[in-house]
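The structure appears below as structure tokens.
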Amino acid sequence: MNTKPFTTGLSGNAVMITRVADRQWHALHDDLVVGRGHAQHRADGRLFVSIDAWHDVIFDRLAAAMVAALPSPLHTVVDEADAELTAGWRRAGFTVRRREWEYTVPTDPRVTGLDAVLPPPGVTIVPAGQADETLLRAVDRAIRDEVEASTGWQSMPAEVIPLPEGDTVVDPTKYAVAAAPDRYLGLIRVTAIRPRIGLLAVRAGERRRGIARALLAQALGTLHRSGVAEAWTEVQESNQAATALFESIGARPTSSNLELVR
């Protein structure tokens, strides 16, 4: 992309917006690309947009073109510390829908206090890579249906990993589960690259029994034994139960993201 000094004093009339591919736009000035816009459906079905531009005029022209061409609603996620980017999306008619805090999570059981945590009677924790895929998919679907029937799955952190249509299990080997004799009651998904707790959920009728804490104990203990000192996760600000759980094991908020919607 061109350097920022080139755009100094740029007027909106000097910029040409071109749709270069499906859901991709370029802003051109004297045939040079001075901004880019992109839209993508995420795994939960929402349409997210992003713009890379150094000048407010370019940002606004790209945003206007994308808003006119794309179906509503449109979503975007910004680092809350980036006031300039947030202001740009607000000018385009976006409003804040929710805030997510990013937490750094210690793995050492002496820090988390999870070293003596056991699952409740009748429940066992099946480590990642050992879960029965059929039962795993069944509990994933059951939990999603429960969430959708209450707060709606869109209340969960935005999922960004592309999946085949209708498939909601990212990679069966990444899930540990809480198992009863006849079914699974909860699950936790941890990715290996920059270890991230992407999902921690328990069936509605099985909550407040310590299952989520036992799943965390197993997953974080595994990371600690492999030499990983910290993991990370996102928690929606309004999810008081998740906030209390992670803060009780020493997790620290490090930054926050805003999801905006138009």
Inset, instruction - Report those strands (runs of 3 or more DSSP E) wholly inside region 25-102 carrying at least 1 residues which are closer than 27 Å to R252 by Cα. - result: 75-79
Inset, instruction - State yes or no: is R213 at pLDDT below 95 and not acidic (D, E)? - result: no
Inset, instruction - Among the residues of region 51-76, count how many are surrounded by 15 or more Cβ atoms within 10 Å (Cβ to Cβ) and closer than 16 Å to E259 by Cβ. - result: 4
Inset, instruction - Would you confirm whether any residue within region 212-228 is open to solvent by 70 Å² or more (accessible area, probe 1.4 Å), farther than 17 Å from P127 by Cα, of a type outside the set (G, A, S) and out of contact with any helix residue (DSSP H, G or I) (no Cβ under 8 Å at 6 or more places or on another chain)? - result: no
Inset, instruction - Identify the single condition in (1) among the aromatic types (F, W, Y); (2) more than 23 Å from L114 (Cα to Cα); (3) modelled with pLDDT of 95 or more that Y184 does not satisfy, given that it satisfies every other one. - result: (2)
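Have a look at T7, T112 and point out the one that is of a type in the set (S, T, N, Q), at pLDDT below 95 and either surrounded by 15 or more Cβ atoms within 10 Å (Cβ to Cβ) or within 30 Å of L215 (Cβ to Cβ) (or both).
The conditions single out T7.
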Inset, instruction - State yes or no: is T18 in a helix (DSSP H, G or I) and open to solvent by 30 Å² or more (accessible area, probe 1.4 Å)? - result: no
Legend entry - Residues of region 190-205 classified as over 18 Å from A251 (Cα atoms) and touching a residue at least 24 places away in the same chain (Cβ under 8 Å), total: 3
Inset, instruction - Can you confirm whether region 87-94 contains a residue that is open to solvent by 50 Å² or more (accessible area, probe 1.4 Å), over 29 Å from R183 (Cβ atoms) and over 20 Å from the mean Cα position of the chain (by Cα)? - result: yes
Legend entry - Subset of region 222-262 [outside any helix (DSSP H, G or I) and of a type in the set (G, A, S)]: S226, G227, A229, A231, S238, G250, A251, S255, S256
Legend entry - Single residue of N257, N239 found to be at pLDDT below 95 and open to solvent by less than 60 Å² (accessible area, probe 1.4 Å): N257
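The values are calculated or read from the model by the stated rules, or taken from the named source; none is laboratory data. All of these numbers come straight from a predicted model, not from anything done at the bench. Cβ atoms come from the backbone with ideal geometry, glycine included; neighbour counts cover every protein chain shown. SASA here: full protein model, heavy atoms, side chains in, ligands and nucleic acids out. Shrake-Rupley method; radii C 1.70, N 1.55, O 1.52, S 1.80 Å.
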